[in-house]
Structure formats: C-alpha cells, structure tokens
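One structure below.
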Amino acid sequence: MGQNGSGPNGTRQAGPRCIALVGPFQSGKTTLLEAILARTGAVQRQGTVEAGTTVGDASKEARHHKMSVEVSVATTNFMGDNYTFLDCPGSIEFIHDMRSVLPAIDAAIVVCEADEKKVPQLQLILRELEDLNIPRILFLNKIDKADKRVRETLKLLQPASRVPLVLRQIPIWHGDIISGFVDLALERAFVYKEHAPSEVIELKGENADRKKEARFTMLESLADHDDQLMEQLLEDIEPPRDKVFDDLARELRERIICPVMIGVATHTNGVLRLLKAIRHEIPGVAETIDRLGAKANGDTLALVLKTFHTTHGGKLSVTRMLAGTAGDGVTLNTPAAEAGRIAAVFKLMGQHTDKRAAATAGETVGFGKLDHARTGDTLSSGKTAHASLVEVKPYPPVLAIAVQAKERKDDVKLGQAFAKLTEEDPSISVVHNADNHEVVIWGQGEMHLRVATERLADRFQVPVSTRPPSVGYRETIKKPISIRGRHKKQSGGHGQFGDVVLEIKPLPRGSGFKFEEKITGGVVPRNYIPSVEEGVIDALKHGPLGFPVVDLAVTLVDGSYHTVDSSDMAFRIAGRIGIVEGLPQCQPVLLEPIHLVEIVCPNEATAKINAILSGRRGQILGFDTREGWEGWDTVRAQMAEAEIGDLIIEIRSATAGVGSFTFKFDHMAELTGRNADQIIAARRAAE
Ligand SMILES: Nc1nc2c(ncn2[C@@H]2O[C@H](COP(=O)(O)OP(=O)(O)OP(=O)(O)O)[C@@H](O)[C@H]2O)c(=O)[nH]1
Ligand SMILES: [Mg+2]
C-alpha cells in the first residue's frame with residue numbers, strides 16, 4: 001500500500017506520521033512537544049509552560065490555567081519526514097479531546113512520571129489505547145527528579161498496562177543525580193547535555209554491569225515472542241543488533257509490548273533517541289488504514305480530529321489524510337451529507353497557521369471552511385461516501401452550571417456561541433430547562449465548565465454569569481379536600497362570573513396530574529369546563545411551597561354560571577382560585593428527585609466512596625466488581641439530586657482523579673424536616 005518505504009534496517013516506514021502525546025495530568029506532554037519542536041528546528045527556542053511560551057498551550061485558557069485544555073497540533077520535519085504531533089490534555093475533564101484524535105493516529109507517546117498517584121490515570125489512558133489497538137511507547141519523563149531506581153518505577157507502572165512494559169533505556173547515576181542514559185538496544189551510553197544532543201561516552205565499571213543485566217531483561221521480554229531469540233539467549237549467543245531493533249519494532253507494532261524510554265523534556269534530554277525510535281519503529285498510515293478497516297479505493301479518505309472556530313479565519317477542521325490528496329476547492333463528503341468545499345489547506349503550529357499546498361496521504365492538516373464537517377467525521381471524495389470509520393461518544397456529563405448572558409441583548413448571540421462551543425467540544429451539552437427557563441451547561445468537571453464559560457466570553461464574545469442549576473423539586477399534597485372557587489366582578493356594564501367546586505385529592509407517587517369532571521344538569525356549561533382545567537393547571541405550576549405540584553387529582557363536581565357575565569376567562573380564574581385557596585389546606589409536602597447512581601472506582605477507594613455516599617444521604621444498594629476492569633468496583637446507590645450536584649468533585653479527590661459516575665432519575669421522594677424547611681425558605685427568599 002503506497003506509503004511503505006523501506007529503511008536501513010528493512011522495517012522503517014517512510015512518509016508523514018501522526019502521533020499523539022498522551023498521559024496523566026501534568027506529566028510533561030506540552031513540554032515534550034516543545035522539546036521535539038526545538039530539537040527538529042521548528043521553533044528557534046524551546047518555550048516553557050511556566051513562561052507561557054509553548055506552542056502547545058497557546059490558547060488564552062491554557063495559558064491562564066497553565067495546563068492543556070484541548071488538543072494542540074504541530075507539524076515538524078525530522079530527517080526528511082513529516083511528523084504531526086497532537087499534544088493532548090492530561091486532565092480527565094478534557095479527556096474527550098484526546099479520545100477524538102486517537103482513532104486516526106499511527107502511535108501514541110505516553111508521557112508519564114514516576115508518581116504512584118498517577119498510576120490510575122495512566123491505566124485509564126492506556127486502556128483507551130489498548131482498546132483501539134494503538135501502538136504505544138512510554139516516555140518516562142522528569143527523570144531529573146527521580147528518587148528511585150527505574151526498575152522500581154516500572155514495577156509501580158506495570159499494573160496500569162495490559163502488555164509488558166519493556167525498559168529499553170536505563171539512567172546513568174552520578175551519586176543522586178542522573179547524568180545520562182544507556183540505550184540498551186543500541187548498546188551505547190550517553191551523557192545528557194542541556195538543550196543539545198547527548199554525547200556518547202564509554203561505559204565502565206558498575207554502570208557497565210548494570211547495563212548488561214538490564215539488556216538481558218529486555219531481551220528476555222522480547223524473546224517471549226521470538227523463539228529464535230529465546231534459543232540464542234539460552235545458548236548464550238549475542239543476538240545481532242539489527243535483530244534486536246527489528247524485534248522491538250515488530251513487537252511494538254503488534255502491540256504485544258510497550259517499550260519504555262526515559263528523559264527530561266524541560267532539558268530536551270532523551271528527545272533525539274525518542275525521535276529516532278519514532279522514525280524507525282512506529283507504523284505509517286498504511287497500517288493505520290488497516291487498523292481502521294478502511295477501504296482505500298483510490299478516492300481521498302480522511303478523518304476529522306478536531307474542530308476550531310477561529311476568531312478571524314472561521315471554521316478550521318484538523319484532518320488526518322488517510323488516502324489520496326485534497327487541496328483548495330475540493331469538495332468532500334461525510335457519510336451523511338456534503339461536508340463542504342475546502343477553502344484553504346493549512347500547516348498547523350499550535351495557534352499559528354500557514355497556508356500550504358494540497359495535503360497528501362498520511363499528512364495532518366487544517367482545512368478551512370468545511371462548514372458541515374464535524375469532529376469524528378469520515379471524509380471522502382468518491383461518488384459514494386465512505387462509511388463512517390469511527391464513533392467516539394463523550395463520557396456522560398457529571399457536573400452542570402446554569403448560565404445566562406450578562407447582557408440581555410446577547411441572548412441570540414449566546415445561542416450561536418453554544419453551537420460553536422459544543423461543536424468544538426462535544427463533551428459539553430447544553431440543556432434548556434422548560435420548567436424554569438434555565439439554560440444549563442453539562443460537562444466533565446469544574447475546570448471543564450470554567451473553561452467553557454471563559455471560551456464563551458473570549459472566543460465567542462458573550463460574557464455569561466453562572467450559578468448552580470436548580471434542583472427539580474416538586475410538591476404534592478397529603479390530604480383530600482373539597483373547595484369552592486368563585487370569581488365575581490361587577491364593574492359597570494359587562495361583569496365576570498365563574499363559580500366551581502373542586503375536589504382535590506392526592507394520588508400515588510408518579511401519577512402526575514389528573515383532571516375529571518362530574519357535572520350534571522349543566523350547572524357548569526360544557527364549553528367552560530376546559531377553561532376550568534386550564535385555570536387549575538395554571539395554579540399547579542406554582543404550589544404553596546413554591547414548586548410545581550404533582551401527584552394529585554382534581555375533580556370538578558359542582559358550580560354555577562351566569563348567562564351574560566360568564567366567560568372562558570372567568571371560569572379559568574375560578575379554577576385557579578379554587579386551587580390557590582385549596583392547596584394550603586391539603587397538607588402540602590416537598591418532593592425531591594432521587595436518582596439511581598452508579599459510581600466506578602479503583603477498589604482501594606470503594607470504602608471511601610461508600611462513606612461519601614452515606615455522608616450525602618445516599619442509600620447504598622450494593623457493589624460489584626466492574627465488568628472488564630480488573631481492580632475496579634461499581635457501587636450503586638440511590639441519591640437525592642441535590643446531593644449529586646458536586647458529587648464528582650469528592651469522588652475524584654477520593655480516587656486520584658479517575659473515579660466517575662452516571663445517574664438516572666428513579667423516583668420522587670417526600671422531604672420533610674429541616675432540609676425541607678431550608679429549601680422552602682430559600683425559594684421564598686428568591687421570589
Ligand atoms: N523537572 C522536570 N519538570 C518537567 C519536565 N517536563 C515537564 N516538567 C514540568 O512539569 C509541569 C507540567 O508540564 P506540562 O508540559 O505542562 O505537562 P502536560 O503533561 O502538558 O500537562 P497537561 O497537558 O496539563 O496534562 C511544568 O511545570 C513543566 O515545567 C521534566 O522533564 N523535568
Ligand atoms: Mg499539556
């Protein structure tokens with residue numbers, strides 16, 4: 001398939017590559033991208049996250065929070081090949097952006113550090129890669145801060161990976177400091193130079209022995225999938241270097257091992273070796289097409305990884321070309337519709353874009369103005385569109401805020417801004433609550449929602465105010481009564497007259513509202529009865545406690561009318577008066593929504609989760625091991641909606657950030673006592 005070039009050792013794939021930098025929060029992905037760009041000459045000076053000078057975190061929100069909040073894209077050239085790196089956010093709250101780009105990449109560099117607390121996050125990310133069959137190299141970063149042996153670190157990290165982590169570099173210690181590394185495949189030792197390629201040195205004494213031992217361990221791992229190598233090891237035959245490289249490359253591509261390299265992104269240490277491994281060992285686009293099960297039939301085929309709405313340039317679709325070419329003026333299709341005509345092709349360097357010529361297979365570029373293309377779309381050029389290759393569903397949202405344009409005049413603009421916001425980030429959803437006219441943004445956590453509101457203000461120029469969303473309280477009644485509602489007005493000529501007798505009685509939970517009539521002898525004429533019902537429904541929207549009233553039946557049993565003064569309006573008012581005066585006598589009571597909640601967490605946190613749930617009036621229904629997730633539990637509970645509001649914050653802090661939950665409405669339950677009094681008082685105060 002087209003792009004397969006053969007390199008010096010026979011396995012190298014030439015051609016453009018697309019690689020994601022992924023890994024736990026703050027592990028150094030953006031810094032590593034910066035180091036790669038500096039090492040390959042794409043930037044003159046290596047920027048830093050602290051100084052806010054990186055290519056990766058160039059957006060206003062990323063700079064402000066000193067963390068990545070979306071995928072950044074940068075293309076560079078290394079030894080004649082074109083590489084696009086996707087710097088993914090590490091925070092779990094922005095993980096959807098990472099998940100959207102994964103299907104299209106050739107391989108991932110998993111950046112992590114020797115930190116026990118980040119192992120659960122590492123596991124979560126590795127699982128995504130494992131499930132998608134994506135080849136991956138682990139880059140053990142911040143080795144300058146290492147306080148334990150790499151082998152110990154590897155033991156710590158191994159449970160996060162389903163395949164063996166194979167150490168292919170070891171550090172050289174100088175007292176307590178790491179001064180360089182040995183590449184076990186290359187059998188060469190290097191001493192780190194700040195912001196310059198490491199220098200080859202000769203390995204002596206203890207370091208040489210350690211190297212021998214570590215190399216043997218690496219070869220043993222490789223030999224698990226190579227009988228010939230196993231024989232050589234058993235017979236004490238030194239395997240040829242090329243064979244070792246070939247095995248490393250093959251086993252990486254077959255995803256049966258995850259090689260581990262080490263370095264210091266801030267000092268550009270270990271970056272050149274990483275680039276060389278990428279160049280020689282990771283697969284090219286041909287294998288990615290196979291992995292995706294795509295049919296390259298001569299047409300152009302591409303995947304949309306990310307969508308930006310830029311202030312000046314309009315919509316930009318970051319796209320991986322899988323096959324064919326695409327340049328200005330070319331029309332592409334999604335499986336559902338025409339995606340649009342490419343207005344321009346851009347090379348991407350963080351926020352910076354440069355116009356370029358048509359894009360070819362393997363490249364990752366920005367397409368301008370593909371108006372109907374969305375993130376995740378499969379684009380093709382043929383007469384019949386290529387079937388959709390991927391579907392990335394966002395995780396269910398866990399936190400919400402109600403938002404409002406700061407200025408009334410921005411209401412329409414806010415609607416458009418929501419459309420752009422959710423197009424850029426499909427893990428955000430916007431819900432209009434018809435009950436109370438609240439607009440609620442749902443997302444993946446506090447920071448996620450904060451960034452969403454910052455984007456509304458900065459990127460889309462609609463400043464908003466926020467507050468916690470209201471809980472869906474209701475009220476009902478406990479006692480039946482019969483009441484007269486009478487509306488009579490005599491003002492000069494035409495008067496108003498409506499008179500009804502209503503029986504109000506409670507219904508079982510979940511019944512909603514029923515209206516009946518038992519009028520005999522025409523005491524209330526037929527044509528006025530629907531108006532009575534309307535008046536009743538009006539009044540039920542706002543009960544005596546301040547909330548909509550549910551689970552009751554109202555029966556119109558009697559009344560009277562006046563031939564001249566009665567009207568629809570008069571009977572409507574009479575119906576409403578009956579309810580407004582009647583309900584307070586029916587022992588109104590507050591109802592709160594109870595949801596069925598399912599929390600997933602590593603099992604060492606299960607006890608903590610149980611305590612959190614109990615502390616929030618939760619009723620624990622039971623727990624089980626999480627299906628398909630070794631070492632994880634699922635806890636099920638019933639919880640009041642009011643207690644779910646910020647539940648995710650506590651769950652995350654109890655689970656090193658990886659616990660999560662889903663919820664589904666179950667039933668309404670009576671709420672009495674102090675809790676209820678407070679809610680009712682707050683409602684009165686707000687009115
Ligand atoms: N000591 C040391 N610090 C590093 C190294 N690499 C990155 N850092 C620091 O670690 C912090 C996080 O670096 P980033 O590059 O923003 O990490 P990230 O993985 O992109 O973070 P997120 O995208 O927010 O998940 C910054 O303060 C960096 O300066 C390293 O090799 N050694
Ligand atoms: Mg980052």
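Listed here are the residues, each with its yes/no results for (1) under 19 Å from Ala302 (Cβ atoms); (2) surrounded by fewer than 21 Cβ atoms within 10 Å (Cβ to Cβ); (3) free of Cβ contacts under 8 Å to residues at least 12 places away in the same chain; (4) touching a Gly at 6+ places or on another chain (Cβ under 9 Å).
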{"site": "Ala323", "(1), (2), (3), (4)": "yes, no, no, yes"}
{"site": "Val330", "(1), (2), (3), (4)": "yes, yes, no, no"}
{"site": "Asp377", "(1), (2), (3), (4)": "yes, no, no, no"}
{"site": "Arg408", "(1), (2), (3), (4)": "no, yes, yes, no"}
{"site": "Pro426", "(1), (2), (3), (4)": "yes, yes, no, yes"}
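Kindly indicate the residue of the range 649-687 that is in contact (Cβ under 8 Å) with a residue 60 or more places away in the chain and among the acidic types (Asp, Glu) and also surrounded by the fewest Cβ atoms within 10 Å (Cβ to Cβ) among those meeting that condition.
Step by step, filter the range 649-687, then rank; the result is Glu687.
On the basis of being surrounded by 12 or more Cβ atoms within 10 Å (Cβ to Cβ) and more than 28 Å from Gln13 (Cα to Cα), does Leu222 make the cut?
No: the conditions fail for Leu222.
In the range 105-128, what residues are assigned to a loop (DSSP other than H, G, I, E, B), more than 24 Å from Thr378 (Cα to Cα) and not acidic (Asp, Glu)?
Ala114
Return the pair list, or none, for Cβ contacts closer than 9 Å from residues in the range 83-96 that are touching a residue at least 60 places away in the same chain (Cβ under 8 Å) to residues that are among the aromatic types (Phe, Trp, Tyr) and buried (at least 24 other Cβ atoms within 10 Å of the Cβ), at least 6 apart or on different chains.
Listed by first residue and then by second, the contacts come to Cys88/Phe94.
Looking only at the range 39-53, count every residue that is in contact (Cβ under 8 Å) with a residue 60 or more places away in the chain and either near ligand 2 (Cβ under 10 Å from one of its atoms) or in contact with a His (Cβ under 6 Å, 6 or more places away or on another chain) (or both) and tell me the total.
Selection size over the range 39-53: 0.
Answer yes or no as to whether Asn141 is touching a residue at least 24 places away in the same chain (Cβ under 8 Å) and surrounded by fewer than 22 Cβ atoms within 10 Å (Cβ to Cβ).
On the way: touching a residue at least 24 places away in the same chain (Cβ under 8 Å): yes; surrounded by fewer than 22 Cβ atoms within 10 Å (Cβ to Cβ): no.
Taking the combined requirement at face value, the residue does not satisfy it.
Among the residues of the range 621-645, what is the count of those that are modelled with pLDDT under 90 and on the phi < 0 side of the Ramachandran plot?
Matching residues across the range 621-645 total 2.
Under the condition of being of a type in the set (D, E, K, R) and surrounded by fewer than 18 Cβ atoms within 10 Å (Cβ to Cβ), which residue from the range 559-597 is nearest to Arg486 (Cα to Cα)?
Step by step, filter the range 559-597, then rank; the result is Glu581.
Yes or no: Arg99 closer than 23 Å to Ala302 by Cβ and either assigned to a strand (DSSP E or B) or open to solvent by 10 Å² or more (accessible area, probe 1.4 Å) (or both)?
So Arg99 fits the description; yes.
What number of residues within the range 252-288 are in contact with a Phe, Trp or Tyr (Cβ under 6 Å, 6 or more places away or on another chain) and more than 13 Å from ligand 1 (Cβ to nearest atom)?
1
Could you tell me which of the residues Lys118, Lys155, Lys145, Lys204 is among the basic types (Lys, Arg) and within 30 Å of Leu449 (Cα to Cα)?
After ruling out the rest, the residue left standing is Lys118.
I want to confirm something. Restricting to the range 26-43 and keeping residues that are assigned to a loop (DSSP other than H, G, I, E, B) and within 11 Å of ligand 1 (Cβ to nearest atom), which single residue is surrounded by the most Cβ atoms within 10 Å (Cβ to Cβ)?
Per the criteria, the residue is Ser27.
Of everything in the range 512-523, what is more than 14 Å from Glu475 (Cβ to Cβ) and either open to solvent by 60 Å² or more (accessible area, probe 1.4 Å) or not in a strand (DSSP E or B) (or both)? Give them in sequence order.
Residues satisfying the conditions are Lys514, Glu516, Glu517, Lys518, Ile519, Thr520, Gly521, Gly522, Val523.
Could you identify the single residue in Thr325, Thr364, Thr307 that is of a type in the set (Val, Ile, Thr) and touching a Lys or Arg at 6+ places or on another chain (Cβ under 6 Å)?
Thr364
Criterion first (assigned to a loop (DSSP other than H, G, I, E, B) and buried (at least 18 other Cβ atoms within 10 Å of the Cβ)) does Leu556 satisfy it?
In short, no.
Is there a residue in the range 616-627 that is hydroxyl-bearing (Ser, Thr, Tyr) and open to solvent by 70 Å² or more (accessible area, probe 1.4 Å)?
Within the range 616-627, one or more residues are hydroxyl-bearing (Ser, Thr, Tyr) and open to solvent by 70 Å² or more (accessible area, probe 1.4 Å).
If I filter the range 54-73 down to residues being more than 24 Å from Arg320 (Cα to Cα) and touching an Asp or Glu at 6+ places or on another chain (Cβ under 7 Å), which single residue comes out as farthest from ligand 2 (Cβ to nearest atom)?
Taking the candidates together, the pick is Lys60.
Out of the residues in the range 86-104 that are over 25 Å from Thr378 (Cα atoms) and among the small types (Gly, Ala, Ser), state the one that is farthest from ligand 1 (Cβ to nearest atom).
Ser91
Hey, among Val597, Val557, which residue is among the aliphatic types (A, V, I, L, M) and either under 23 Å from Leu502 (Cα atoms) or in contact with a Pro (Cβ under 8 Å, 6 or more places away or on another chain) (or both)? Step through it out loud before you land on a result.
Working: Val597 fails: either under 23 Å from Leu502 (Cα atoms) or in contact with a Pro (Cβ under 8 Å, 6 or more places away or on another chain) (or both).
Testing whether each residue is among the aliphatic types (A, V, I, L, M) and either under 23 Å from Leu502 (Cα atoms) or in contact with a Pro (Cβ under 8 Å, 6 or more places away or on another chain) (or both) leaves just Val557.
List every residue pair whose Cβ atoms lie under 6 Å apart, where the two residues are 6 or more positions apart in sequence or sit on different chains, the first residue falls within the range 22-37 and is closer than 15 Å to Met98 by Cα, and the second residue, located anywhere, is assigned to a helix (DSSP H, G or I) and within 9 Å of ligand 2 (Cβ to nearest atom).
These pairs meet every condition: Gly23/Lys29.
Residue by residue, here is whether (1) more than 26 Å from Tyr528 (Cα to Cα); (2) at pLDDT 95 or above holds:
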position	(1), (2)
Ile428	yes, yes
Val440	yes, yes
Ala452	yes, yes
Ser465	yes, yes
Tyr473	yes, yes
Ser482	no, yes
Gly495	no, no
Val501	no, yes
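Among the residues of the range 74-96, which ones are away from ligand 2 (no atom under 11 Å from the Cβ) and of a type outside the set (A, V, I, L, M)?
Thr75, Thr76, Asn77, Phe78, Gly80, Asp81, Asn82, Tyr83, Thr84, Phe85, Glu93, His96
Given (1) of a type in the set (Val, Ile, Thr); (2) more than 15 Å from ligand 1 (Cβ to nearest atom); (3) over 20 Å from the mean Cα position of the chain (by Cα), where does Ile143 come up short, assuming only one miss?
(2)
Would you confirm whether any residue within the range 555-563 is of a type in the set (A, V, I, L, M) and at pLDDT 95 or above? Full working, then the answer.
Let us first name the residues in the range 555-563 that are of a type in the set (A, V, I, L, M), namely 556-557.
From what is left, the residues that are at pLDDT 95 or above are 556-557.
Among the residues of the range 555-563, at least one is of a type in the set (A, V, I, L, M) and at pLDDT 95 or above, which makes the answer yes.
Within the range 303-311, identify whether any single residue is open to solvent by less than 10 Å² (accessible area, probe 1.4 Å) and over 29 Å from the mean Cα position of the chain (by Cα), and answer yes or no.
no
Provide a single number: the residues in the range 250-276 that are assigned to a helix (DSSP H, G or I) and surrounded by fewer than 24 Cβ atoms within 10 Å (Cβ to Cβ).
Total satisfying the criteria: 11.
So, in the range 44-85, exactly how many residues are within 11 Å of ligand 1 (Cβ to nearest atom), in a loop (DSSP other than H, G, I, E, B) and within 20 Å of the chain's Cα centre (by Cα)?
Qualifying residue count for the region: 8.
Can we say Glu34 is under 30 Å from the mean Cα position of the chain (by Cα), within 13 Å of ligand 2 (Cβ to nearest atom) and at pLDDT 95 or above?
For Glu34, the condition - under 30 Å from the mean Cα position of the chain (by Cα), within 13 Å of ligand 2 (Cβ to nearest atom) and at pLDDT 95 or above - is met.
The values are calculated or read from the model by the stated rules, or taken from the named source; none is laboratory data. Quantities reported herein were computed from a predicted structural model and do not represent experimental measurements. Cβ atoms come from the backbone with ideal geometry, glycine included; neighbour counts cover every protein chain shown. What goes into the accessible areas is simple: the full protein's heavy atoms, side chains included, and nothing from ligands, DNA or RNA. Shrake-Rupley method; radii C 1.70, N 1.55, O 1.52, S 1.80 Å.
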